[in-house]
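Notes follow once the structure below has been shown.
The values are calculated or read from the model by the stated rules, or taken from the named source; none is laboratory data. Just so it is clear, the structure is predicted and the values come from calculations on it, not from any experiment. We place every Cβ from the backbone using ideal geometry, glycine too, and count neighbours over all the protein chains shown.
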Amino acid sequence: MSDNIIHIPTMAELAAKGEKPDILFWVGCAGSFDDRYKKVTKAFVKILNKVGIKFAVLGEEETCTGDPARRAGNEFLFQMQAMSNIQVLNGYEITKIVTACPHCFNTLKNEYPALGGKYEVMHHSAILQQLIDEGKVKAEGGAFKGKKITFHDSCYLGRANNVYEAPRKVLEALDAELVEMKRCKTKGLCCGAGGAQMFKEPEQGNKDINIERTEEALDTGAKIIASGCPFCMTMMSDGVKNKEKEGEVEVRDLAELIAEAEDIL
Amino acid sequence: MTLISQLVFLAVLAVSGYFIGRRILQIRKNILLGKEEDRTDQPMERLKTMLLVAFGQKKMFKRPIPAFLHLLIYVGFLLINLEVLEIVLDGILGTHRLFAPVLGSFYPVLINFFEFLAIGVIFSCVVFFIRRHVLKLSRFTKIEMKGWPTLDATLILVIETVLMFAILAMNGADQVLQSRGVAHYPLTGEFFFSGFFVPLFSGLSDNTLIIIERASWWGHIVGILAFAFYITYSKHLHIFLAFPNTYFSNLKPKGEIKNMDNVTNEVKSMLGMPADPPPAEIPRFGAKDINDLSWKNLMDAYACTECGRCTDNCPANMTGKALSPRAIMMKTRDRAEEVGMSISKGGKGLEDGKSLYGDYINKEELLACTTCNACVEACPITIDPLSIILEMRRYMAMEESSTPQSWNAMFQNVETSFAPWKFPPTDRFSWANDLKTEAENK
Ligand code: HEM
Ligand code: SF4
Ligand code: SF4
């Protein structure tokens with residue numbers, strides 16, 4: 001039984017014991033509330049447990065980073081959110097953060113410093129790559145051997161922060177066949193959700209962006225569309241459904257793929 | 001005779017210098033209508049960016065075919081200027097081919113090289129013309145290119161071709177005159193490309209040839225000066241502004257949106273944290289007109305080549321939305337021109353009842369942007385259309401409160417549930433209990 005116990009310490013618990021984690025896992029709103037993305041959160045926590053990284057979460061003390069508010073033009077709301085999050089983070093003397101959301105990643109890493117929140121921030125793909133490099137994660141289950149996987153670059157990971165290699169290194173470790181879409185890396189096409197588009201209907205046009213992108217992903221013949229972003233996950237999953245391909249093609253997060261290959265999902 | 005032509009030449013130089021200089025000062029003033037922004041940090045990094053991106057054409061080479069064609073024109077322009085230097089000195093001093101005796105046998109080598117470049121320029125201009133008007137590449141035929149922008153682009157290609165032909169005709173006539181031993185046309189050695197004009201010219205009299213040679217000489221130099229003046233009204237201004245524009249590039253990660261310090265101050269005082277006293281005059285939040293944008297936004301607008309690489313890569317544009325990042329830049333420039341010219345004429349300037357937001361750029365365009373940075377990534381001269389879009393969204397959200405209902409609902413959720421969706425905040429950590437139970441039941 002004890003093998004099956006998963007530890008998810010909160011900062012408050014650790015602080016009460018006078019302990020500090022090595023890294024804070026910033027779960028994000030989608031990772032906390034969205035049914036699909038909660039699975040990603042869980043997969044990532046399982047990996048952290050398995051490799052024994054000393055992490056903690058904020059639990060109910062975490063709130064929206066303010067990313068969608070800032071991108072929709074509401075700077076006041078963004079800064080209110082940022083300041084109160086920074087108060088909490090600095091209160092716990094956090095120095096290192098990992099998150100599975102590129103929007104949180106970008107905001108915490110690039111936008112909080114101007115408001116007094118300076119941390120070393122990583123996207124979960126970077127940690128996964130590190131674990132693979134260190135041999136702590138082997139992903140040798142062979143579940144994905146030879147399978148065609150394509151990676152959809154999230155704008156906020158790729159162009160916004162120049163992270164292109166880590167997610168691909170993670171996929172390579174699966175021994176899968178990585179196929180690139182026509183538009184990838186710096187030229188990757190947006191899923192359509194960024195800039196707070198996630199929270200409104202698209203403007204008048206002749207096509208939805210996620211359909212355009214999904215078609216491109218399907219054109220590669222990949223059976224798995226890998227992503228590292230909750231919004232991309234939603235948009236691409238909707239696109240696959242729209243194309244009636246949900247029986248054949250899955251949209252999966254990097255952490256889920258690694259957890260499955262490690263047989264801990 | 002030479003004295004008269006020297007005087008005429010000086011007069012032409014002075015007059016064109018005056019008009020070009022006046023336009024340059026005007027454009028500088030227009031750009032400085034924008035707000036202050038510090039882009040002077042990290043000078044070495046900036047220099048490197050300029051050398052790579054502007055001089056080295058680094059981002060152009062993401063598309064090799066137009067990059068190669070453009071390189072021919074670009075190198076041609078930079079180097080043929082050396083010949084223009086000779087022309088100007090000849091004009092002022094009343095000499096003819098001043099450098100020939102100085103450079104000796106190297107002179108024809110140099111001229112041959114320039115002629116080779118001129119042929120390259122002509123070749124590229126013709127291909128560019130074909131791409132625009134015969135192949136009708138989609139990025140050149142989008143809606144914002146109708147009318148003046150297309151005429152402008154066509155004129156540039158035609159004028160450059162004519163200027164290059166003037167050099168070749170001048171050298172061709174010169175050679176025939178040289179071979180006949182006409183006074184003032186000392187032997188310089190053979191020129192290869194303009195040599196093709198020799199059979200064409202050889203039946204003409206000395207006088208006709210002198211007229212052709214002189215007309216080409218004057219045509220070339222007056223053409224260049226007139227062209228330089230024209231450029232200040234054209235997208236072709238990029239041939240100068242590409243350099244400072246890349247020097248003053250945004251060096252921060254593209255995902256970072258500029259912090260509004262005046263808002264920080266207000267938020268701090270609302271939260272009871274130490275803050276500066278509020279300013280006497282509360283500045284506008286976000287951008288309604290060009291003076292709310294930064295000077296760099298306006299320099300971007302003047303540096304834009306209207307190439308449409310940004311729009312070509314814009315997910316909103318490619319799915320039929322009203323947004324085109326190129327159009328954002330073109331409209332910003334048009335408005336900056338309008339306001340700047342009006343101020344210089346003592347007109348109403350910014351108070352003319354119009355504004356960039358509303359009269360030039362509408363809400364639908366702004367709302368279509370996904371902030372994906374594809375436009376910024378695509379631009380060969382590091383222009384940032386996204387920051388203009390975001391500044392205007394700030395105006396919409398904070399001054400006009402005109403954001404869409406669904407965004408307002410999202411704002412409210414963030415305020416009351418601390419997440420963009422309406423979930424009870426107490427459910428935020430439920431996933432952990434679920435996971436623990438799932439694991440135990442395994
Ligand atoms: C200094 C001399 C330069 C000259 C004479 C020059 C000339 C030209 C000409 C004639 C065109 C028109 C092509 C067309 O109509 O399709 C053009 C376009 C363009 N130029 Fe330049 N240019 C110069 C410098 C630069 C620099 C430094 C950059 C920066 C990278 C640059 C970037 C561009 C771009 C992006 C276009 C649009 C090309 C396209 O549509 O593919 N130019 N230039
Ligand atoms: S950032 Fe906005 S304008 Fe630029 S390419 Fe993306 S959607 Fe288009
Ligand atoms: S902003 Fe850049 S990419 Fe877009 S049209 Fe202008 S020069 Fe071309």
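Could you tell me how many of the residues in region B:140-168 are more than 17 Å from the chain's Cα centre (by Cα) and not small (G, A, S)? Give the steps one after another, and end with the answer.
Step one: list which residues in region B:140-168 are more than 17 Å from the chain's Cα centre (by Cα), which gives B:141-143, B:146-147, B:158-168.
From what's left, not small (G, A, S): B:141-143, B:146, B:158-165, B:167-168.
Counting residues in region B:140-168 that are more than 17 Å from the chain's Cα centre (by Cα) and not small (G, A, S) gives 14.
Here's a check for you: in region B:312-336, which residue that is away from chain A (no Cβ under 14 Å) and within 16 Å of ligand 1 (Cβ to nearest atom) is surrounded by the fewest Cβ atoms within 10 Å (Cβ to Cβ)?
B:M330
Restrict the check to region B:349-368 and report whether at least one residue is within 9 Å of ligand 2 (Cβ to nearest atom), within 13 Å of chain A (Cβ to nearest Cβ) and touching a helix residue (DSSP H, G or I) at 6+ places or on another chain (Cβ under 6 Å). Please lay out each step first, then the result.
Going through region B:349-368, the residues within 9 Å of ligand 2 (Cβ to nearest atom) turn out to be B:365, B:368.
Narrowing the set further to residues that are within 13 Å of chain A (Cβ to nearest Cβ) leaves B:365, B:368.
Checking the rest, the ones that are also touching a helix residue (DSSP H, G or I) at 6+ places or on another chain (Cβ under 6 Å) come to B:368.
Yes, there is a match, as at least one residue in region B:349-368 is within 9 Å of ligand 2 (Cβ to nearest atom), within 13 Å of chain A (Cβ to nearest Cβ) and touching a helix residue (DSSP H, G or I) at 6+ places or on another chain (Cβ under 6 Å).
Could you list, in sequence order, all residues of region B:50-72 that are in a helix (DSSP H, G or I) and more than 15 Å from ligand 3 (Cβ to nearest atom)?
B:M50, B:L51, B:L52, B:F55, B:P64, B:I65, B:F68, B:L69, B:L71, B:L72
Out of curiosity, is A:L171 surrounded by fewer than 22 Cβ atoms within 10 Å (Cβ to Cβ) and away from every other protein chain (no Cβ under 14 Å)? Reasoning before the result, please.
Details: surrounded by fewer than 22 Cβ atoms within 10 Å (Cβ to Cβ): no; away from every other protein chain (no Cβ under 14 Å): yes.
So A:L171 fails the test.
Only one of these is surrounded by fewer than 19 Cβ atoms within 10 Å (Cβ to Cβ), more than 16 Å from ligand 3 (Cβ to nearest atom) and in the same structural domain as B:P108 (by TED's automatic domain parsing): B:I210, B:I167, B:I221. Name it. Break it down into steps so the answer makes sense when it comes.
Details: B:I167 fails: surrounded by fewer than 19 Cβ atoms within 10 Å (Cβ to Cβ); B:I221 fails: surrounded by fewer than 19 Cβ atoms within 10 Å (Cβ to Cβ).
The unique qualifying residue is B:I210.
Would you point out the residue of region A:207-258, among those that are surrounded by fewer than 24 Cβ atoms within 10 Å (Cβ to Cβ), within 17 Å of the chain's Cα centre (by Cα) and within 14 Å of chain B (Cβ to nearest Cβ), that is farthest from B:A374 (Cα to Cα)? If you could, list the steps in order and put the result at the bottom.
Of region A:207-258, the ones surrounded by fewer than 24 Cβ atoms within 10 Å (Cβ to Cβ) are A:207-208, A:211-212, A:215-216, A:218-224, A:234, A:237-238, A:240-250, A:252, A:256.
Retained after the next criterion (residues that are within 17 Å of the chain's Cα centre (by Cα)): A:224, A:234, A:237, A:250, A:252, A:256.
Filter once more, so that each one left must be within 14 Å of chain B (Cβ to nearest Cβ): A:234, A:256.
Working: A:T234: 21, A:E256: 28 Å.
Selected residue: A:E256.
Filter the helices (runs of 4 or more DSSP H) completely within region B:345-418 down to those with at least 3 residues that are within 27 Å of B:A242 (Cα to Cα).
Numbers: elements: B:363-367, B:374-378, B:385-394, B:405-417.
Here the list reads B:374-378, B:385-394.
Between a residue in region B:370-381 that is at the interface with another protein chain (Cβ under 10 Å from one of its Cβ atoms) and of a type in the set (K, R) and any residue that is near ligand 2 (Cβ under 6 Å from one of its atoms) and part of a helix (DSSP H, G or I), which pairs come within a Cβ distance under 8 Å, given they are 6 or more apart or on different chains?
none
Among the numbered conditions (1) away from ligand 2 (no atom under 16 Å from the Cβ); (2) more than 10 Å from chain A (Cβ to nearest Cβ); (3) at negative phi, tell me where B:C307 comes up short.
(1)
Kindly list the number of the only condition in (1) touching a Pro at 6+ places or on another chain (Cβ under 9 Å); (2) crowded, with 16+ Cβ neighbours inside 10 Å that fails for B:P101.
Answer for B:P101: the failing condition is (2).
So B:E364 clears everything in (1) within 16 Å of ligand 3 (Cβ to nearest atom); (2) within 26 Å of B:M260 (Cβ to Cβ) except one condition, right? Which one?
Among (1) within 16 Å of ligand 3 (Cβ to nearest atom); (2) within 26 Å of B:M260 (Cβ to Cβ), the lone unmet condition for B:E364 is (1).
Just for helices (runs of 4 or more DSSP H) wholly inside region A:1-104: which have at least 3 residues that are crowded, with 23+ Cβ neighbours inside 10 Å?
Numbers: elements: A:11-16, A:29-33, A:35-51, A:67-71, A:75-91.
Ranges flagged: A:29-33, A:35-51, A:67-71, A:75-91.
Being at pLDDT 95 or above, closer than 28 Å to B:C379 by Cβ and assigned to a helix (DSSP H, G or I), is that true of even one residue in region B:246-264?
Yes, region B:246-264 has at least one match.
Taking region B:391-409, which residues are surrounded by 22 or more Cβ atoms within 10 Å (Cβ to Cβ) and either modelled with pLDDT under 95 or more than 7 Å from chain A (Cβ to nearest Cβ) (or both)?
B:E391, B:M392, B:Y395, listed by residue number.
For region A:45-62, state whether one or more residues are polar (S, T, N, Q) and more than 10 Å from every other protein chain (Cβ to nearest Cβ). Explain how you work it out, then say what you get.
Keep residues of region A:45-62 that are polar (S, T, N, Q), which gives A:49.
With more than 10 Å from every other protein chain (Cβ to nearest Cβ) added as a condition, the list becomes none.
No, that holds for no residue.
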